[in-house]
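Asks: My questions all concern the structure below.
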Amino acid sequence: MSNAVLNQTPALTWTWLKMNKAIINDDDILNTALSFENADYKIVSKPDSVKIISASDFKTSLPFPHSAVFSKTSELGIQYKEVNEPESAAFDESKAVALVLEASKKETVPVVINVNAKGKCVSEQIIHALPDSEVTVILVTESEENDGVNLINTKCYAEENAKIHLCKVQLLPEGFYHIDSTENVCGENGKVTYTELQLGAASVITGAYTNLSEYKASYKSDTAYYRRGNQKIDMNYVCAHSPKGKKSECSMAVAGTLVDEAQKTYRGTIDFKRGCAGAKGNETEETLLLSPKAVNRSVPMILCDEEDVEGEHGATIGRLNDDMLFYMESHGISEDEACRLMARAKINAVSALIPDEKTQEMVEAFLEKL
């Protein structure tokens with residue numbers, strides 16, 4: 001394999017911009033002879049109402065979710081199988097056994113899981129909220145090793161009147177290559193809330209595809225990132241209002257900071273399918289540039305095949321303005337400290353949405369090391 005195409009936009013923009021997709025040509029990533037092992041899980045906390053079931057016992061009438069990261073099932077050697085098979089994903093010759101969590105009632109205590117990445121590893125999670133249930137799942141990815149390749153794939157199924165809050169916190173060392181795919185599908189009046197922090201790893205490819213498949217389904221996401229040195233992040237977020245998703249709603253927000261020679265590419269797409277009358281969608285992006293050498297690319301996009309919808313999008317990219325710097329310096333805050341405070345504020349705003357104090361402390365400790 002010479003190249004792998006990831007994070008492709010649902011509709012192509014101008015080719016010369018070179019923003020329609022991410023291309024991986026690193027032989028260490030693409031070599032199909034490499035053996036990927038399952039990442040180690042540590043379940044820190046889990047309420048009794050949330051069951052761990054086998055993939056063969058998982059049943060749903062909701063459609064199979066798409067991936068925003070992988071445009072083809074063969075990319076990087078991944079095979080997506082039917083989710084009711086015991087082994088629901090494969091990476092090269094290794095099998096990624098899915099961790100399946102099923103919620104049956106409204107639960108306020110979150111499920112907290114630490115994912116320990118080691119070398120070259122893969123993990124998959126399926127979160128299934130039965131009708132009228134609520135569940136929060138927090139996935140914290142770390143590693144005791146300095147480098148490696150980590151692939152994580154998470155599928156969320158929110159049945160009728162069900163709510164899922166998925167929190168992903170990536171705290172990998174700087175030598176890691178991190179590929180993160182989240183796939184959501186919401187039934188009638190079902191809702192998925194996605195909170196994401198991408199703070200570590202040398203290179204990150206992340207994306208989320210959400211299918212608002214039924215009446216009044218909804219989705220809300222908040223993402224924060226911090227890139228420094230030569231770190232890179234490539235993002236692709238897609239929310240599709242399906243033909244049966246009348247009066248469905250989505251809100252996607254991304255905020256982050258680029259320093260040194262860091263690079264970021266953001267693709268955000270709201271897709272109004274014909275038939276989704278009364279649907280509403282909003283996406284926003286804020287990028288703080290703290291270096292003239294940092295590279296920012298943004299593609300906010302709305303696709304519309306239905307007249308009776310409301311869609312808004314926008315991107316704000318810039319540096320700290322002189323008025324704000326003057327105000328902070330007049331209060332004894334240096335320019336460097338002001339930059340740190342503003343970068344930290346974007347992360348803290350998203351971290352505060354994670355309903356677990358211990359996880360928030362881990363984020364703080366990781367930032368202190370930076």
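Asks: Looking at this structure, is ASP180 closer than 19 Å to ALA68 by Cβ, assigned to a strand (DSSP E or B) and open to solvent by 10 Å² or more (accessible area, probe 1.4 Å)? Give the steps one after another, and end with the answer.
Replies: Details: closer than 19 Å to ALA68 by Cβ: yes; assigned to a strand (DSSP E or B): yes; open to solvent by 10 Å² or more (accessible area, probe 1.4 Å): no.
Judged against the criteria, ASP180 is not a match.
Asks: All but one of (1) more than 15 Å from LYS42 (Cα to Cα); (2) within 18 Å of the chain's Cα centre (by Cα); (3) open to solvent by less than 60 Å² (accessible area, probe 1.4 Å); (4) at pLDDT below 95 hold for HIS128; state the number of the condition that does not hold.
Replies: (4)
Asks: Looking only at the range 160-197, count how many residues are closer than 19 Å to GLY245 by Cα, among the acidic types (Asp, Glu) and in contact with a Cys (Cβ under 9 Å, 6 or more places away or on another chain).
Replies: Of the residues in the range 160-197, 1 are closer than 19 Å to GLY245 by Cα, among the acidic types (Asp, Glu) and in contact with a Cys (Cβ under 9 Å, 6 or more places away or on another chain).
Asks: Which of the residues belonging to the range 107-120 are surrounded by fewer than 21 Cβ atoms within 10 Å (Cβ to Cβ) and under 13 Å from LYS51 (Cα atoms)?
Replies: Answer for the range 107-120, where residues must be surrounded by fewer than 21 Cβ atoms within 10 Å (Cβ to Cβ) and under 13 Å from LYS51 (Cα atoms): just GLU107.
Asks: Out of curiosity, is ALA217 buried (at least 24 other Cβ atoms within 10 Å of the Cβ), more than 14 Å from the chain's Cα centre (by Cα) and either closer than 20 Å to ASP305 by Cβ or at pLDDT 95 or above (or both)?
Replies: Details: buried (at least 24 other Cβ atoms within 10 Å of the Cβ): yes; more than 14 Å from the chain's Cα centre (by Cα): yes; either closer than 20 Å to ASP305 by Cβ or at pLDDT 95 or above (or both): yes.
Against the criterion (buried (at least 24 other Cβ atoms within 10 Å of the Cβ), more than 14 Å from the chain's Cα centre (by Cα) and either closer than 20 Å to ASP305 by Cβ or at pLDDT 95 or above (or both)), ALA217 qualifies.
Asks: Another question about this same structure. Do you know which residues across the range 227-252 are in a loop (DSSP other than H, G, I, E, B) and open to solvent by 20 Å² or more (accessible area, probe 1.4 Å)? Break it down stepwise before answering.
Replies: To start, the set of residues in the range 227-252 that are in a loop (DSSP other than H, G, I, E, B) comprises 228-231, 242-248.
Within the range 227-252, ARG228, GLY229, ASN230, PRO243, LYS244, LYS246, LYS247 meet the criteria.
Asks: What number of residues in the range 1-29 are surrounded by fewer than 16 Cβ atoms within 10 Å (Cβ to Cβ) and either modelled with pLDDT of 85 or more or in contact with a Leu (Cβ under 9 Å, 6 or more places away or on another chain) (or both)?
Replies: Taking the range 1-29 as the starting set, the residues that turn out to be surrounded by fewer than 16 Cβ atoms within 10 Å (Cβ to Cβ) are 1-3, 5, 11-18, 23, 25-28.
Okay, now just the ones that are also either modelled with pLDDT of 85 or more or in contact with a Leu (Cβ under 9 Å, 6 or more places away or on another chain) (or both), so 1-3, 11, 23, 28.
The number of residues fulfilling the criteria is 6.
Asks: When CYS276 is evaluated against the numbered criteria (1) surrounded by fewer than 18 Cβ atoms within 10 Å (Cβ to Cβ); (2) in a loop (DSSP other than H, G, I, E, B), which criterion, by number, is the only one it fails?
Replies: Unmet condition: (1).
Asks: A further question on this structure: If only one of ALA224, ALA208, ALA255 is under 20 Å from GLN8 (Cβ atoms) and either part of a strand (DSSP E or B) or open to solvent by 40 Å² or more (accessible area, probe 1.4 Å) (or both), which one is it? Please lay out each step first, then the result.
Replies: Values: ALA224 fails: under 20 Å from GLN8 (Cβ atoms); ALA255 fails: under 20 Å from GLN8 (Cβ atoms).
Step by step, each of ALA224, ALA208, ALA255 is checked, and only ALA208 is under 20 Å from GLN8 (Cβ atoms) and either part of a strand (DSSP E or B) or open to solvent by 40 Å² or more (accessible area, probe 1.4 Å) (or both).
The values are calculated or read from the model by the stated rules, or taken from the named source; none is laboratory data. In this text the structure is predicted, and so the values were computed from the model without any measurement. Reconstructed Cβ throughout: ideal geometry from the backbone, glycine too, with neighbour counts over all protein chains shown. What goes into the accessible areas is simple: the full protein's heavy atoms, side chains included, and nothing from ligands, DNA or RNA. Shrake-Rupley method; radii C 1.70, N 1.55, O 1.52, S 1.80 Å.
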